[in-house]
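Chemist: The structure that follows is given in the form of structure tokens.
Every number here is computed from the coordinates shown, using simple stated rules; none is lab data. Keep in mind that this is a model prediction, so the values were computed, not measured. So basically every Cβ, Gly included, is an ideal-geometry build from the backbone, and we count neighbours across all protein chains shown.
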Amino acid sequence: MPQASSARRKLAAPTVAMLPRVGDSLSFLYLDIVRIHQDDTGVCAQVTTEQRGTELVYLPTAALSCVLLGPGTSITARALTTLARHGTTVVITGSGGVRAYAGMTPDSLSTTWLHHQARAWADDTQRLAVATRMYEHRFGHGTVPPGTTLAQLRGLEGQRVKALYKLLAQQHRIGRFKRAYDPDAWDTQDPVNLALSSANTCLYGIVHATLLAMGCSPALGFVHSGNQQAFVYDIADLYKAELTLPLAFSLHSSTQPEAEARRRFRDGLRLFKLMPRVVTDVQRLLQPDLDIDEPDPEEQLVDLWDPVSGVLPGGTNYAGDAP
């Protein structure tokens with residue numbers, strides 16, 4: 001039995017080829033109301049139902065990029081260790097994965113996109129270029145004139161959002177609408193504002209979970225700044241006009257706009273289609289000329305920094321370069 005157990009552990013150990021790229025094979029698994037533990041075969045979820053009793057469902061840890069753990073989930077240290085060894089990001093979320101509370105990123109997670117993000121963020125010219133691409137993503141490609149300043153971009157965005165508010169208000173016949181977010185007077189706000197705040201929070205959670213799975217920093221924003229979720233707000237803004245604003249205005253007569261917005265957002269969003277879309281958009285914003293379909297070299301998991309060539313392959317003895 002010890003030899004068989006050892007063989008199973010070796011068989012389950014991840015190889016370089018097994019580690020999935022987020023951009024290539026983005027795979028998310030959402031779990032709630034289960035107990036996750038490790039046995040001799042692998043990581044499994046213990047599911048209990050009235051109809052079928054207790055069942056064990058084994059998780060394909062090597063093929064997963066991210067596991068979202070919802071309410072009612074418990075996980076053992078051994079299971080977390082296996083997920084980390086296989087390069088799987090673990091995110092603690094709210095119901096349906098619509099909020100991200102914490103995340104665990106494995107050592108094997110590539111820092112490629114974190115490097116792209118940090119370099120662009122630290123250079124004012126590149127940072128403005130990324131911010132411009134973000135606005136063009138919302139306005140339409142080619143709609144931002146060359147040389148437009150960030151202040152002018154903010155003005156264009158303000159005009160666009162104001163026009164969208166007016167259009168949606170006319171469609172739902174609710175008169176003039178003004179966006180208001182006041183935590184100190186929460187209960188006095190109108191249903192549209194309450195629903196919009198609730199739906200936006202759900203959107204922030206999904207974007208946050210995706211950025212963690214990519215290895216990006218949620219804090220390094222290009223339009224927003226000074227907050228641990230600055231980049232989350234940047235990316236979430238790309239989708240509000242399409243996802244959260246129409247939903248919020250449709251709940252203008254709801255008696256429970258917050259709860260209903262969360263339920264409708266969760267049920268109608270099709271979570272696992274938005275996440276790959278967010279990944280692709282982030283990649284194109286940070287590196288528009290990069291071929292995101294080109295696979296990474298399998299052997300090159302860790303690089304060495306060089307001020308001349310940029311990077312050098314790791315795992316190589318450079319004793320001959322010493323003076």
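Chemist: Taking the highest mean first, how do the peptides 249-262, 61-74 order by number of other beta carbon atoms within 10 angstrom per residue? The partial results should precede the final answer.
Modeler: Working: 249-262: 17.6, 61-74: 19.6.
The densest-packed peptide leads the list: 61-74, 249-262.
Chemist: H172: net charge of surrounding residues, Cβ under 13 Å, Lys/Arg +1, Asp/Glu -1, itself excluded?
Modeler: Neighbour charge sum, excluding H172 itself: +2.
Chemist: Okay, next question. May I ask you to order 148-159, 207-218 by the average number of other C-beta atoms within 10 Å around their residues, highest value first?
Modeler: Working: 148-159: 13.2, 207-218: 24.2.
Ranked from most to least packed, the peptides come out as 207-218, 148-159.
Chemist: Just subtract the alpha-carbon distance of Q126 and T149 from 0.36 nm times their residue separation and send over the number in nm, one decimal.
Modeler: Value of the extension gain: 7.0 nm.
Chemist: Multiply the residue gap between D289 and K166 by 0.36 nm, knock off their C-alpha separation, and tell me the result in nm, one decimal place.
Modeler: This chain segment gains 40.6 nm when fully extended.
Chemist: Between T76 and Q51, take the C-beta separation as r, use R0 = 35 Å, and let me know the FRET efficiency to the nearest 0.05.
Modeler: The value I calculate is 0.85.
Chemist: If you don't mind, there's one more thing I want to ask. At 7 Å along the Cα-to-beta-carbon direction for both H137 and Y58, put a label point, then send me their distance in nm to one decimal.
Modeler: For the pair H137/Y58, the computed spacing is 3.9 nm.
Chemist: Sort 277-290, 78-91 by the packing proxy (mean of other Cβ within 10 Å over each peptide's residues), most packed first.
Modeler: 78-91, 277-290
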